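Scroll down for the structure; my scribbles are underneath it.
The values are calculated or read from the model by the stated rules, or taken from the named source; none is laboratory data. As the structure is a computational prediction, the values presented were derived from the model and not from experiment. With ideal geometry, Cβ positions are generated from the backbone for all residues, glycine too; neighbour counts draw on all protein chains shown.
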Amino acid sequence: MSKAKGGTVVVGLGNPLMGDDGLGLAALDRLRRRGGLPSAVELADGGTWGMRLLPLLEDADAAILLDAIDDGRRPGSLIVLERDVVPGRLGHKLSAHQVDLAEIFALMALRGTVPRRLAAIGLQPARIELGAPLSRAVERGLGDVVTATLARLAAWGYQAGPLEPAVVA
């Protein structure tokens, strides 16, 4: 995983083997395939990296986290969290061995390295269970996550270019 070094990073989080928990990586893949992002915006597969995300996030001036966000809403609902509420709302563990984002944010707060601009964008999951694919509600909402991510990047001064043409095999 490379480092943002004062730039902007969009990090896809989650485990694609756990149903809707994989939506952060699915949304990141859609952003990659869409293309047209400025070179100053780094797309990073955070998967279930746990504490190994710390240097990437600490080195970024701005970060967007793409993830399943359980807020008790209707499955597939778009959820956008702003900087001050992100650390407390994204902390969930799928196993006793996984370091969660709440611990990463606690360390960054202690060290004074929380990115200056920070947002989390995701969807309310319908199911998080081993071996399940993305639910229909989350699959339908992936475009909304991409649109919200592009809007946030634009608000931060990063305009996405036109869609890149599809590669013909």
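So here's what we get for this one:
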| item | result |
| --- | --- |
| Verdict on G91 being at pLDDT 95 or above, in contact with a helix residue (DSSP H, G or I) (Cβ under 8 Å, 6 or more places away or on another chain) and closer than 21 Å to P16 by Cβ | no |
| Test for L142: is it under 18 Å from L43 (Cα atoms) and either in a strand (DSSP E or B) or modelled with pLDDT of 95 or more (or both) | yes |
| Test: residue in segment 135-145 that is within 12 Å of the chain's Cα centre (by Cα) and buried (at least 21 other Cβ atoms within 10 Å of the Cβ) | yes |
| Selection within segment 119-137 - farther than 16 Å from L66 by Cβ and out of contact with any Pro (no Cβ under 7 Å at 6 or more places or on another chain) | R127, E129, L130, G131, A132, P133, R136 |
| Filter result for R74 (at pLDDT 95 or above, surrounded by fewer than 21 Cβ atoms within 10 Å (Cβ to Cβ) and farther than 26 Å from L107 by Cβ) | yes |
| Pairs with Cβ under 6 Å, 6+ apart, first in segment 38-53 and among the acidic types (D, E), second at pLDDT 90 or above | E42/V9; D45/G12 |
| Subset tally (residues that are surrounded by 20 or more Cβ atoms within 10 Å (Cβ to Cβ) and farther than 8 Å from R83 by Cβ) for segment 116-125 | 6 |
| Residue that is modelled with the lowest pLDDT [pool: residues in segment 1-35 that are assigned to a loop (DSSP other than H, G, I, E, B) and of a type in the set (D, E, K, R)] | K3 |
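A quick yes/no check of all residues on (1) of a type in the set (D, E, K, R); (2) crowded, with 19+ Cβ neighbours inside 10 Å; (3) in contact with a helix residue (DSSP H, G or I) (Cβ under 6 Å, 6 or more places away or on another chain); (4) under 14 Å from V138 (Cβ atoms):
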position	(1), (2), (3), (4)
V11	no, yes, no, no
G19	no, yes, no, yes
A27	no, yes, yes, yes
E42	yes, yes, no, no
M51	no, no, no, no
L57	no, yes, no, no
